[in-house]
Amino acid sequence: MKLKFKQIKNGFHLFITVCIATACVKEEFKPVDPVAERSEYRIAVVLPLSDTATTQNWQHCIDWAIQNFDKAQQGPVGVRLTAEWFDEDIADIAALARRLASRTDISAIIGPLYSANAFTFAVECAKTNMPMFTTATSEQLARANARSGFLWCLSETDITQSEVLLSIASKRDAIAVTLLAKDDVYGATFTDWLPFQAQEIGLTYLPNETYDDNTLEARLAECASCGADMVICAPSSSDDAIRMVRAAQPYMGKIDFIFSDNAFTPNVVSKLGRLAEGMEGSSMSSDPSSGFDVLYHAMFDTSPTLGSSQYYDAVMIVGLAAINDKQTDGQRSFRESVKAIVSGHDGIGGDWMPDGIAANIAAVKNGRFPVIRGASGLLQFDKSAYTSVVTTTFCYWQVYDSRFITLDYLSAQPSHRVGDMLTDWNWRATHGQTFEDVQRSYPPRRKTWALIVAASTGWENYRHQADAFAVYQMLRRNGMDDDHIVMIAEDDIATHSNNIAQGEVRTSPDGANLYSYNAIDYKTSDLCFADLDSILRNHSSARLNHTIAATADDNVLVFWIGHGTGKGFVWADNSIIAPWQVADMLRELSYDKRFRKMLWLVETCYSGLIGEACRGIDRLLFFTAANAKETSKATNYDTNNHAWLSNAFSLGLVNSLTTNSNISFHDLYYYLYSNTIGSHVTVYNEKKFDNLNISQLREFVTP
Amino acid sequence: MSMLALAGCRKREILVYPEIPDIPKVLVLFPPDGLGDQSYSDQILSTLFRLTINSDNAFDLTYVCPSDDSPLDSIFVEALNQCRHNTEMLLILGGNDSYEELVKRHCKADDPVSQRVLFYDSANPLPVNTINFTSYGVSFLVGAVAFDKLQADTAAYLGACADCRSILYEFRDGFIDGYTSAAAEQGRTVVVKRLYIADDFAGFDMADSVYRMADDIFASSPFVYTVAGGSIMGLFRYLREPMHRGYFTAGMDVDQSHLAAGVLMSVRRRVDSCLADYVTQWISSGTLPKGARFDLESPYLDVSPSPRYADELKPMLDRWRNVAKQREQEYLFNKN
């Protein structure tokens, strides 16, 4: 039918042409809007629209970008961008995400703003490969979706904001800092990274607990009284920022408070009135050299707000991707067109103004992809993951006379990262330990035993059991038999309904299957901490039929992976195993000569707490993924299974053992220390153990 | 036949797309890291941009703001080449000693391109069109009003450096003369301390150092006249702290009264307005000034009181303005 209609139309066209050629013709010049004739590319904009002032600001940005993109093109051949707006502040955000991600008339989604909503959208966009541009700054969102090819983060994550806040603290001559952050996805980035960064910067970090809706004021009081010079406040909303400022009044003048970007809203100043005076903090901004803020103010007679320049840039990238899409006649997917734009490698291109956009359009039409000079700054994305821009400018603001003033512009030190071009989560520690030469003599080793503990359960903790299986398989490859390995794991992930590769467990999406049903001796939930003592003491029973029968001539390896808090290990039933409990157990085992040497490799948050508690116990060595104040970090997110597959420390451990099992403890430390991202791998009790330069890991991982 | 008649009655529509006219271009080369200064670079960009929107004389505005470590030489040469290839382009730059050197190296007075280069804020002879703003008169005015307001026996001049830029002498001399003249009028003798932040250009970007110095400086002088670029932000930070009420300074280049309550007044150097006037003139007549110099008599220079002190300071400013103008002429005459 469609073909027939086309033929008729063509026939009619031919007829008219003939008539015109033969008849007298009255010519009429009809002005045409060339923009209307261009190919439409629709953008869905998903932002919280309840705040009308901020919404108007965002609308200015999106409309301005669209107008400038139109202006940068000439004639009717080209692309026409249109925006369709959706409110992020709705009850069923998941339904909206599903609906938009599956719409074929939408080329890309800009937003949402909040990290939790961005996570929801990312899940749906991953399924349909819908390009998504966000300014949500959760580290986990960006890291989970790195290399996935559909998510583009237009600012660095809050890892960088955390660094910026610490650098302000350092500039303000603070010596000790603490953090007030919420127990949610926004606060998690600060909780995970600020303690690590504080140590790197040379500041003392004093830990405090996270807050929830009921404990904000109490936690703030604790922070203000903990001995820190400065409290770094990471409110999860502007309302939380307002509560913080009110609660901080008794401490003003005695201790400094500095706020993250959620306090940088006009709402905070208007609601707090004079209490807001003197507030300081950081927020992402545009690179001042782009001139965006100045021109925005000149254009709209108001200042841009959070994310303005980033949203402008998102529209511009979609437009250039649309040009690329048209050039290739749709032979590549739209997200591949986006990727081509953001992976620019042909020098520095034009800027965000019409002339600059026109230059970029011309380049793309000629098959060249320069790095774009955006409104927010240079739109240079990480060369390995592409997901995030490499550098974001932050402003250091203060409230003065009821308005925000910019004191300075700051950006993070890219030298902290593995490479200057890499995204901000690739931050490795640089302040390592040194070890003294300790002289110890031991009887010859007879056997090696191993206890592997995956202390958590559930699909969301997939990575813990996966790493436990990886260690188990590594020991088996080294020749250790099952009788000498006791493995405790819940065994609830291989056949979990979420697992798209049923019966398999991996530590990387393309890695080998590590699962072995026969490896597991006990389900975690069937045991308690006292049972571990029995297993290590060879107190076998009908229930505990596989134990460690080590003697004073045998080495024992313990690999423990799971969750940790500031109070100790977390067991499967969410009970806490206090550091002193572990220390008491190990002290007795040492005293009773239940091992020749014992090595604990621990992958939990705050694992250094256990190491600290066990100092002084003879013949015992601890390697922990993090020190006593830090979280450890997950790695290798599987966008198909929606799970983190491994942990940075454990992955490095298995990798190093696979390549060189003769590695000395000294070298192992430096390998793990320099390859574990986002925490300080720490060694405890080496003076009561052995010379780390000479003794090797081999004596714990071979029969 | 009927078909032909039908056809004859049809109109032939010829689609006409709007012509895109060639309009003049203005390219502004800002000092390295100049934008974001919340001072005159930002104001220049803002004013010229507004001119593109509101002016009857349409023009395209483009600008470049290099970073501190950018290759200025190649950026300048590229800008000059663009200007050479487009006879409808005006290149505006200035506010930076490095650009002066580049202009001296790459431009010749008899080259037609040099006639379309406008350099702002330079008192030195250059082979391009220049505009310059004197600083003695406004500084005299600040000094005189500061004394009238505070009646303090001691004040301080805080310069970025002692000898790194000759333009600083005018600021320093004007302020000292203004302050001492106002005191002399009342038969009093006062001391104006001369303080410097650094030995070289680094003094223009040492806000943290200035913040740390502020306690010592204000210990003996309730008013400090700071001529030190971005370093003045350190002084503003100090003055914003509630315990430092009672100390004062003057804003520089633009109205900076919103940055601290202690900003009594601001030196207004309307480089932006001046450039906007010349862009308009260039578009309409193709001409530009040769070595224009603007003093306190011009509409581009003045001192404005901060709103919270306006009632008190405005009469003082009015009283001293003519004196300042006269003393500026004498100073410039003697200098030349």
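The values are calculated or read from the model by the stated rules, or taken from the named source; none is laboratory data. Quantities reported herein were computed from a predicted structural model and do not represent experimental measurements. Reconstructed Cβ throughout: ideal geometry from the backbone, glycine too, with neighbour counts over all protein chains shown. Calculation scope for accessible area: heavy atoms of the full protein, side chains included, ligands and nucleic acids excluded. Shrake-Rupley method; radii C 1.70, N 1.55, O 1.52, S 1.80 Å.
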Scope segment A:299-325; condition open to solvent by 10 Å² or more (accessible area, probe 1.4 Å) and within 26 Å of A:Phe264 (Cβ to Cβ); matching residues: A:Met299, A:Phe300, A:Asp301, A:Thr302, A:Ser303, A:Pro304, A:Thr305, A:Leu306
Residues of segment A:242-272 satisfying the condition of being within 20 Å of A:Thr302 (Cα to Cα) and out of contact with any Pro (no Cβ under 8 Å at 6 or more places or on another chain): A:Asp261, A:Phe264, A:Thr265, A:Pro266, A:Asn267, A:Val268, A:Val269, A:Ser270, A:Lys271
Residue list for segment A:458-499, filter: among the β-branched types (Val, Ile, Thr) and open to solvent by less than 40 Å² (accessible area, probe 1.4 Å): A:Val471, A:Ile485, A:Val486, A:Ile488, A:Ile493
Which numbered condition A:Ala362 fails, given (1) of a type in the set (A, V, I, L, M); (2) at the interface with chain B (Cβ under 10 Å from one of its Cβ atoms); (3) surrounded by fewer than 18 Cβ atoms within 10 Å (Cβ to Cβ): (2)
Residue match in segment B:28-40 (condition: outside any strand (DSSP E or B), in contact (Cβ under 8 Å) with a residue 40 or more places away in the chain, of a type in the set (S, T, N, Q) and buried (at least 18 other Cβ atoms within 10 Å of the Cβ)): yes
Residue count, segment B:194-234 (criterion: polar (S, T, N, Q) and either touching a Leu at 6+ places or on another chain (Cβ under 8 Å) or within 14 Å of B:Met252 (Cα to Cα) (or both)): 2
Hey, B:Glu312 surrounded by fewer than 17 Cβ atoms within 10 Å (Cβ to Cβ), in contact (Cβ under 8 Å) with a residue 60 or more places away in the chain and in a helix (DSSP H, G or I) or not: yes
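When you go through B:Asp215, B:Asp272 one by one, which is the residue that is within 14 Å of chain A (Cβ to nearest Cβ), modelled with pLDDT of 90 or more and touching a helix residue (DSSP H, G or I) at 6+ places or on another chain (Cβ under 6 Å)?
One residue alone meets the criteria, B:Asp272.
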Count of residues meeting criterion [modelled with pLDDT of 90 or more, in a loop (DSSP other than H, G, I, E, B) and within 19 Å of the chain's Cα centre (by Cα)] in segment A:97-140: 3
Matching residues in segment A:261-288 - criterion: being of a type in the set (Gly, Ala, Ser) and more than 28 Å from the chain's Cα centre (by Cα): A:Ser270, A:Gly273, A:Ala276, A:Gly278
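Quick grid of which residues meet (1) farther than 30 Å from B:Glu88 by Cα; (2) of a type outside the set (D, E, K, R); (3) in contact with a Phe, Trp or Tyr (Cβ under 9 Å, 6 or more places away or on another chain):
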{"position": "B:Gln115", "(1), (2), (3)": "no, yes, no"}
{"position": "B:Leu118", "(1), (2), (3)": "no, yes, yes"}
{"position": "B:Pro127", "(1), (2), (3)": "no, yes, no"}
{"position": "B:Ala155", "(1), (2), (3)": "yes, yes, yes"}
{"position": "B:Arg165", "(1), (2), (3)": "yes, no, yes"}
{"position": "B:Gly174", "(1), (2), (3)": "yes, yes, yes"}
{"position": "B:Ala182", "(1), (2), (3)": "yes, yes, yes"}
{"position": "B:Gly187", "(1), (2), (3)": "yes, yes, no"}
Residue count, segment A:508-552 (criterion: among the polar types (S, T, N, Q), open to solvent by less than 20 Å² (accessible area, probe 1.4 Å) and outside any helix (DSSP H, G or I)): 1
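Mind checking which residues of segment B:275-309 are assigned to a helix (DSSP H, G or I) and surrounded by 13 or more Cβ atoms within 10 Å (Cβ to Cβ)? Step through it out loud before you land on a result.
If we filter segment B:275-309 for residues that are assigned to a helix (DSSP H, G or I), which is where we start, we get B:275-285, B:307-309.
B:Leu275, B:Ala276, B:Asp277, B:Tyr278, B:Val279, B:Thr280, B:Gln281, B:Trp282, B:Ile283, B:Arg308, B:Tyr309 - these are the residues of segment B:275-309 that are assigned to a helix (DSSP H, G or I) and surrounded by 13 or more Cβ atoms within 10 Å (Cβ to Cβ).
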Residue within segment A:349-356 that is away from every other protein chain (no Cβ under 12 Å), hydrophobic (A, V, I, L, M, F, W, C) and either out of contact with any Asp or Glu (no Cβ under 8 Å at 6 or more places or on another chain) or surrounded by 23 or more Cβ atoms within 10 Å (Cβ to Cβ) (or both) present: no
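Looking at segment A:291-346, what helices (runs of 4 or more DSSP H) fall wholly within it and have at least 3 residues that are more than 13 Å from chain B (Cβ to nearest Cβ) and more than 16 Å from A:Asn68 (Cβ to Cβ)?
Fully inside segment A:291-346 and qualifying: A:308-327, A:334-342.
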Hey, B:Asp69 surrounded by fewer than 20 Cβ atoms within 10 Å (Cβ to Cβ), over 25 Å from B:Glu297 (Cα atoms) and away from chain A (no Cβ under 14 Å) or not: no
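This table checks each residue for (1) at the interface with another protein chain (Cβ under 10 Å from one of its Cβ atoms); (2) modelled with pLDDT of 95 or more.
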position	(1), (2)
A:Ile20	yes, no
A:Ser39	no, no
A:Ser50	no, no
A:Thr54	no, no
A:Asp63	no, yes
A:Ile66	no, yes
A:Asp70	no, no
A:Leu81	no, yes
A:Ala91	no, no
Looking only at segment A:633-651, and only at residues there that are at pLDDT 90 or above and open to solvent by 10 Å² or more (accessible area, probe 1.4 Å), the one that is farthest from A:Pro509 (Cα to Cα): A:Leu651
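Is it the case, given these coordinates, that A:Ser632 is under 18 Å from A:Asp467 (Cα atoms) and in contact (Cβ under 8 Å) with a residue 12 or more places away in the chain?
yes
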Every pair of residues 6+ apart whose Cβ atoms lie under 6 Å, when the first sits in segment A:395-408 and is closer than 19 Å to A:Asp158 by Cβ and touching a residue at least 24 places away in the same chain (Cβ under 8 Å) while the second is polar (S, T, N, Q) and open to solvent by 10 Å² or more (accessible area, probe 1.4 Å): A:Cys395/A:Ser285; A:Cys395/A:Thr406; A:Trp397/A:Thr406
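Residue-by-condition table, conditions (1) crowded, with 17+ Cβ neighbours inside 10 Å; (2) more than 23 Å from A:Gly377 (Cα to Cα):
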residue: A:Ala94; (1), (2): no, yes
residue: A:Arg103; (1), (2): no, yes
residue: A:Gly111; (1), (2): yes, no
residue: A:Ala118; (1), (2): yes, no
residue: A:Asn129; (1), (2): no, yes
residue: A:Gln140; (1), (2): yes, yes
residue: A:Ser148; (1), (2): yes, yes
residue: A:Ser155; (1), (2): yes, no
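Considering only helices (runs of 4 or more DSSP H) fully contained in segment B:135-241, which possess at least 1 residues that are of a type in the set (Lys, Arg) and open to solvent by less than 10 Å² (accessible area, probe 1.4 Å)?
In segment B:135-241, there are no helices (runs of 4 or more DSSP H) which contain 1 or more residues that are of a type in the set (Lys, Arg) and open to solvent by less than 10 Å² (accessible area, probe 1.4 Å).
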